[in-house]
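**Q** Encoded as structure tokens, here's the structure I'll be asking about.
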Amino acid sequence: MARVLKIGLVAYAAGTPAISSLNVTYTKPAESATAAPKKDPWNYWVFGLSANGNLSGEESTSNKSYRFNASANRTTESWKVNFYANRNENRSTYDLGDGDIFKSKSSSWGSNALVVKSAGPKLSFGARASTSGSTFSNQDMQFTFMPAVEYDIFPYAENTRRTLTLSYAVGFSYYDYKDITIFDKLKETIPKHTLSASLGMRQPWGSLSASINYNAQLRHPDLNSLGLYGSTNVRLFKGFSFNIFGDYSRIRDQIGLRKGEASTEDVLLRLRQLQSGYSYYVGFGISYSFGSIFNNVVNPRFNGGNNFF
């Protein structure tokens, strides 16, 4: 305290004879070694692996399914690289009585890769490649490659608050079908393009997201699809919120449908894709929470599930 008072009185002593007898000294602090930045041994890569399955049944039916997933992602200010792969297997057995046993099998697999390069605060270039197969979609293998460009009306730095993007992609898809299609094809290569727009907003009242996607063949523009998606979460008052989400697709490009009539089992168990001009999905809900605002204590005891109840 005395040191601080002395420093404060220097300005008052400057106009008196005492200033000739005063000296002000400065002690330079010892130089501290600047900590070297820690080296990331993974170079921003994040990997993920997962596998799960389930078994269920009763006296006349049994079901089992398995799922495997793998991912690798690297995100920096200049680059974004994503890889993802999955496989799903489903088996079911039905005892129809009188010794009749019906077994169903469905499987699907897929992988995709996305590489994006930043080209400014609002512009980016990228390419997506994917390969997949599905018994439901009558595909032994599908390969798609689509270079793309995207422009955000707002700077990407504001993406946690608002975003409005426009993107265009053009490329091709190669199809290798399991069975001959309604167009008498077993293999084909389709050039196509995609135009999409998406909106995202986060405000004090809640959040909103919406997107529209148009896909079409370049050689046959009449073979196309249009998809709409929207969701919102509205905070009506403290602790209470309402959410609704849904999508709608107008379908005009089902080129891979299996030729021939679908059996009753195929329809009821959704073992094969059927011709349809549209599809939709809608969901909604409400949530309300109340109580103490100080209850932030973490207690992990008995987190193992319904051990007793």
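Read-outs throughout are calculated quantities, based only on the coordinates presented, and are distinct from any laboratory measurement. If you're wondering where the values come from, they're calculated on a predicted model, not measured in any experiment. When we count neighbours, we look across all protein chains shown, and the Cβ atoms used for this are built from the backbone with ideal geometry, even at glycine.
**Q** Pull out the extension gain between ALA127 and TYR66, defined as 0.36 nm times the separation in residues minus the alpha carbon to alpha carbon distance; nm, one decimal.
**A** Numbers: separation 61, 0.36 × 61 = 21.96 nm, distance 3.05 nm.
Separation in residues times 0.36 nm, less the Cα-Cα distance, equals 18.9 nm.
**Q** Tally Lys and Arg at +1 and Asp and Glu at -1 over the other residues with C-beta under 14 Å from the C-beta of GLU150: what net charge comes out?
**A** Numbers: positive: LYS80, LYS117, LYS122, ARG128; negative: ASP152.
Here the count lands on +3.
**Q** Would you kindly state how much longer the chain becomes between LEU228 and ASN159 on full extension, computed as 0.36 nm times their sequence separation minus their alpha carbon distance, in nm to one decimal?
**A** On the way: separation 69, 0.36 × 69 = 24.84 nm, distance 2.09 nm.
Result: 22.7 nm gained on full extension.
**Q** State, to one decimal in nm, how far the label point of LYS117 lies from the label point of LEU5, with both points 7 Å from Cα in the Cβ direction.
**A** 6.8 nm
**Q** A further question on this structure: Farthest toward the dipole's positive end in region 1-94, which of VAL46, SER21, SER62, given Cβ charges of +1 (Lys, Arg) and -1 (Asp, Glu) about the Cα centre?
**A** Checked the options; the winner is SER21.
**Q** Scattering from the C-alpha atoms of region 73-224 alone, worked out with Debye: what is log10 I(q)/I(0) at q = 0.15 1/Å?
**A** Those come out to -0.96, one per q.
**Q** So what's region 1-128 giving for Rg/Rh, alpha carbon basis, Kirkwood Rh from the mean inverse pair distance?
**A** Details: Rg = 35.9 Å, Rh = 23.0 Å.
Answer for region 1-128: 1.56.
**Q** Determine the alpha carbon to alpha carbon distance for each of LYS105/LYS187; LYS122/LYS187; LYS39/LYS117; LYS103/LYS178; LYS122/LYS192 and list only those over 28 Å. Write out the running numbers ahead of the final one.
**A** On the way: LYS105/LYS187 23 Å; LYS122/LYS187 40 Å; LYS39/LYS117 23 Å; LYS103/LYS178 19 Å; LYS122/LYS192 25 Å.
Among LYS105/LYS187; LYS122/LYS187; LYS39/LYS117; LYS103/LYS178; LYS122/LYS192, the Cα-Cα distance tops 28 Å for LYS122/LYS187.
**Q** Let me ask another. Hey, what D do you get for the chain in µm²/s if you plug the Kirkwood alpha-carbon radius into Stokes-Einstein at 37 °C and 0.692 mPa s? Spell out each step's value before the answer.
**A** Values: Rh = 26.1 Å.
Answer from the Stokes-Einstein relation: 126 µm²/s.
**Q** Can you tell me the dipole magnitude for region 2-82 around its Cα centre, using point charges on the Cβ only (Lys, Arg +1; Asp, Glu -1), in Debye to the nearest 20?
**A** Numbers: 9 positive and 5 negative charges, 86 e Å.
The calculated dipole for region 2-82 is roughly 420 debye.
**Q** Treating only the Cβ atoms of Lys and Arg (+1) and Asp and Glu (-1) as charged, compute the dipole magnitude of the chain about its Cα centre; round to the nearest 20 debye.
**A** Using only the charged Cβ atoms, the result is roughly 1440 debye.
**Q** With every atom except the alpha carbons ignored, what do you get for Rg and Dmax of region 67-125, in angstroms?
**A** Taking only Cα atoms of region 67-125, I get Rg and Dmax of 21.3, 70 Å.
**Q** On each of the three principal axes of the Cα atoms of region 209-260, give max minus min coordinate, whole Å, ordered largest first.
**A** 54, 27, 10
**Q** Turning to a different aspect of this structure: Given the peptides 90-101, 132-143, arrange them by the average over their residues of other C-beta atoms within 10 Å, most packed first.
**A** Details: 90-101: 11.8, 132-143: 16.8.
Ranking the peptides 90-101, 132-143 by packing returns 132-143, 90-101.
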